[in-house]
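Asker: I have a structure I would like to understand better, so I am pasting it below and will then ask my questions one at a time.
The values are calculated or read from the model by the stated rules, or taken from the named source; none is laboratory data. Everything numeric in this text was worked out from a predicted model, so none of it was measured. Cβ placement follows ideal geometry from the backbone for every residue including glycine, while neighbour counts extend to all protein chains displayed. To get the accessible areas, we keep the full protein, side chains included, count just its heavy atoms, and leave off ligands, DNA and RNA. Shrake-Rupley method; radii C 1.70, N 1.55, O 1.52, S 1.80 Å.
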Amino acid sequence: MMRNIIVTMKVTPKPEEIVFDSVTKTIDRSKATNEINPADKNALEAALQIKDKYGGKVIVVSMGPPFWEPFLKLAIAMGADDAVLISDRALAGSDTLPTSLTLARAISKIGDFDIILTGEESSDGGTGQVPPGIAAWLGIPHVTYVSQIEIVEKGRARVRRTIKGGYEILEVETPFLASIELGCNTPRFPDFRRKRWAEREFKLKVWTLADLGLNPEEVGFKGSATTVESLLERKPPERLKRKIIGSPEDIAEELARILRSLT
Amino acid sequence: MALNMWVFIEQDEGVIEESSLGILSKAREVAEEGGGHVTGVLLGSNVAGEAPRLGRYGAHRVIVVDDPLLAYYHSEAYTRVMEGLIRERNPDILLASATRNGRDLLGRLAVVFNTGLQAHVIHFEVDGEGSLVGHVPGFGGNIVAVVKNVKGRPQMATVALGVFRAQELWGEAEVEVLRGRLDPSKFKVRRVEVVRRETIDISKSKRVVVAGMGTGGDLKLVGELAKILGADIGVTRPLADIGVAPRDLQIGSTGVSLKADLAVVLGASGAPHFVSGIRDVKTVIAINKDPEAPMLEYSDYYAVGDLFEIIPKLIEKLKG
């Protein structure tokens, strides 16, 4: 029987809906639809598949504002057994260093885990730094860019990691952390009845910094090792944006003409 | 301020990752402005022969750590060796290429040293106080955050691929070779198999035909068009997700950035993570069913129609 399988999860705005105001140099995420970070959904699916095969409890842990609660309930509806939201105003402005610290503390508090799964990176930050960071705080091995996991025997897993030109198969002892490759599986839909239960009856655990034994100075802007000085707009290159319409024959003719003119 | 800048030189089975050389050249430029010193750090097995030439790309000095267990990237072995070296020599800055392995290594080391790590920077410099300042692109590459390290040593950054060109402007480097003396029984991760296909580096291709979801994952027609155009094939992320093509051919923010003269983009809607990968393409031609897809904004020529009808006719015309 597996021990806990912990999945870290973030809520991200859809990248195509984020607006940058070039006058005030600020990012407006307020109009963007939020979603579970796509790679984290793949991590959750990977965790649920391990649970289906080998047992264990899937626990989702997230660090963010209270409005993320419905997204954690969605994870419960998909099949997670429990969910924890670390929510504290002092966490605002955390870079990857305090973020990985906070998540690692929460994971230690949950305890009794065999595997920690994360998305390979978030669709907004895109650093991929948090997964190895969490493993470093916990002092456990990690494997990044993983697309498959199987348990070969108690305490040992075999994972497939994408490398340049292909992949490698690694054997790793539990407990370990694996960051899961975006798009490597198809996340299941929430179960209808479980969804209703999650929304009406499931009690989300909400932890503050004090619950994790962390000081406000260790996290947020103060605890970060990098700071954003300013934002610059990098305009996309000017394109002709010439639309070509007509019958397939006409379009092919026009494209052939353009392509020939390029050589 | 005499800064001691280190560049992690990535290699695999003795083959040096070219993006590492570009970082060396850029680091040397930065060092020359501020009076700093550049060290290339090369971990591998029997790789010392590669070390002197790293000087030509900008390294004043190269530290080689030689051990059979370092032949290819192994997270635990590499972290252990780098941690030991950094504790002993105290570099001010550590840079690595933002490859999977570079992110993996620095992501872990940054926590070990409780220090700042900037992600996939497209520009870096050192300010008057000796702080590392980098430009970190976000949101499809249209916004750049100017990020500064404010805590910890060494200050770290991974550098976006293909941003800095390797320049052969300098002389040979001074080389120091150390033995790794690693004990494999101490490691909890072990490689049992590796599978690699021949792939091409499409970041260097002059012409690329890109297949999007609209092709339905059918690369036959795409291949025929590529052949007649003398182009290589790339794919959008969903196609790599379903395994139609390897990740190495995936274009966009989590994949390759093209520098081609021509990209012909077939059946792609123009998602932000994709279009960041075609920013630097000279001419973009797209074929797509949807007359108003975001891809229009990123195209020079945007043909509206069924690519399965248009492409065969186009191939015929190009043959004729």
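Asker: For residues in the stretch B:164-181 being part of a strand (DSSP E or B), of a type outside the set (A, V, I, L, M, F, W, C) and open to solvent by 60 Å² or more (accessible area, probe 1.4 Å), which is farthest from B:GLY40 (Cα to Cα)?
Answerer: Taking the stretch B:164-181 first, the residues part of a strand (DSSP E or B) are B:174-179.
Next, from what is left, pick out any that are of a type outside the set (A, V, I, L, M, F, W, C): B:174, B:176, B:179.
Still in the list and also open to solvent by 60 Å² or more (accessible area, probe 1.4 Å): B:174, B:179.
Details: B:GLU174: 10, B:ARG179: 16 Å.
So the residue we want is B:ARG179.
Asker: Next question. List the strands (runs of 3 or more DSSP E) inside the stretch B:182-239, counting only whole elements, that have at least 2 residues being closer than 30 Å to B:ARG80 by Cα and open to solvent by less than 60 Å² (accessible area, probe 1.4 Å).
Answerer: On the way: elements: B:189-196, B:207-211, B:232-235.
By residue number, B:189-196.
Asker: Here's another thing I want to ask about it. Does B:LEU161 count as at pLDDT 90 or above and either away from chain A (no Cβ under 13 Å) or assigned to a loop (DSSP other than H, G, I, E, B) (or both)?
Answerer: Numbers: at pLDDT 90 or above: no; either away from chain A (no Cβ under 13 Å) or assigned to a loop (DSSP other than H, G, I, E, B) (or both): yes.
No: the conditions fail for B:LEU161.
Asker: From (1) open to solvent by less than 20 Å² (accessible area, probe 1.4 Å); (2) more than 8 Å from chain A (Cβ to nearest Cβ); (3) free of Cβ contacts under 8 Å to residues at least 24 places away in the same chain, pick out the condition that doesn't hold for B:ALA303.
Answerer: (2)
Asker: Counting just the residues of the stretch A:191-234 that are touching a strand residue (DSSP E or B) at 6+ places or on another chain (Cβ under 8 Å), closer than 18 Å to B:VAL150 by Cβ and of a type outside the set (Phe, Trp, Tyr), which one comes out surrounded by the fewest Cβ atoms within 10 Å (Cβ to Cβ)?
Answerer: A:SER230
Asker: Applying the selection to the stretch A:136-148, what residues are surrounded by 23 or more Cβ atoms within 10 Å (Cβ to Cβ) and more than 7 Å from chain B (Cβ to nearest Cβ)?
Answerer: Scanning the stretch A:136-148 gives a single hit, A:VAL146.
Asker: With the requirement that a residue be in a loop (DSSP other than H, G, I, E, B), farther than 30 Å from A:GLN129 by Cβ and facing chain B (nearest Cβ under 7 Å), what does the stretch A:224-245 give you? It would help to see each step written out before you state the result.
Answerer: Looking only at the stretch A:224-245, we keep the residues that are in a loop (DSSP other than H, G, I, E, B), and these are A:224-225, A:234-241, A:245.
Then drop every residue that is not farther than 30 Å from A:GLN129 by Cβ, which leaves A:238-241, A:245.
Across the stretch A:224-245, the qualifying residues are A:ARG239, A:LEU240, A:LYS241, A:ILE245.
Asker: Of the residues A:ALA43, A:ALA83, which single one is assigned to a helix (DSSP H, G or I) and buried (at least 22 other Cβ atoms within 10 Å of the Cβ)?
Answerer: Within the list A:ALA43, A:ALA83, the selection yields A:ALA43.
Asker: Please list, ordered by residue number, the helices (runs of 4 or more DSSP H) wholly in the stretch B:22-127 having 3 or more residues that are within 14 Å of another protein chain (Cβ to nearest Cβ) and crowded, with 20+ Cβ neighbours inside 10 Å.
Answerer: Fully inside the stretch B:22-127 and qualifying: B:75-89, B:100-112.
Asker: Six or more apart or on different chains, Cβ atoms under 8 Å: show the pairs whose first residue is in the stretch A:160-176 and at the interface with chain B (Cβ under 7 Å from one of its Cβ atoms) and polar (S, T, N, Q) and whose second is surrounded by fewer than 23 Cβ atoms within 10 Å (Cβ to Cβ) and not in a loop (DSSP other than H, G, I, E, B).
Answerer: Filtered contacts from the stretch A:160-176: A:THR162/A:SER147; A:THR162/B:ARG100.
Asker: Still on this model: Which ones in the stretch B:253-282 are within 11 Å of another protein chain (Cβ to nearest Cβ), more than 22 Å from B:ARG196 (Cβ to Cβ) and part of a loop (DSSP other than H, G, I, E, B)?
Answerer: Of everything in the stretch B:253-282, those that are within 11 Å of another protein chain (Cβ to nearest Cβ), more than 22 Å from B:ARG196 (Cβ to Cβ) and part of a loop (DSSP other than H, G, I, E, B) turn out to be B:SER253, B:ASP261, B:SER269, B:GLY270, B:ALA271, B:ARG279, B:ASP280, B:VAL281, B:LYS282.
Residues checked against (1) at pLDDT 95 or above; (2) within 23 Å of the chain's Cα centre (by Cα):
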site	(1), (2)
B:SER75	yes, yes
B:HIS120	no, yes
B:PHE124	yes, yes
B:ILE143	no, yes
B:VAL150	yes, no
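Asker: Looking at (1) within 27 Å of B:ASP241 (Cβ to Cβ); (2) touching a Pro at 6+ places or on another chain (Cβ under 9 Å), which is the only condition A:LYS195 fails?
Answerer: Condition not satisfied by A:LYS195: (2).
Asker: Yes or no: B:VAL64 farther than 19 Å from B:LEU161 by Cβ and touching a Phe, Trp or Tyr at 6+ places or on another chain (Cβ under 9 Å)? Can you show your working first?
Answerer: On the way: farther than 19 Å from B:LEU161 by Cβ: yes; touching a Phe, Trp or Tyr at 6+ places or on another chain (Cβ under 9 Å): no.
No: the conditions fail for B:VAL64.
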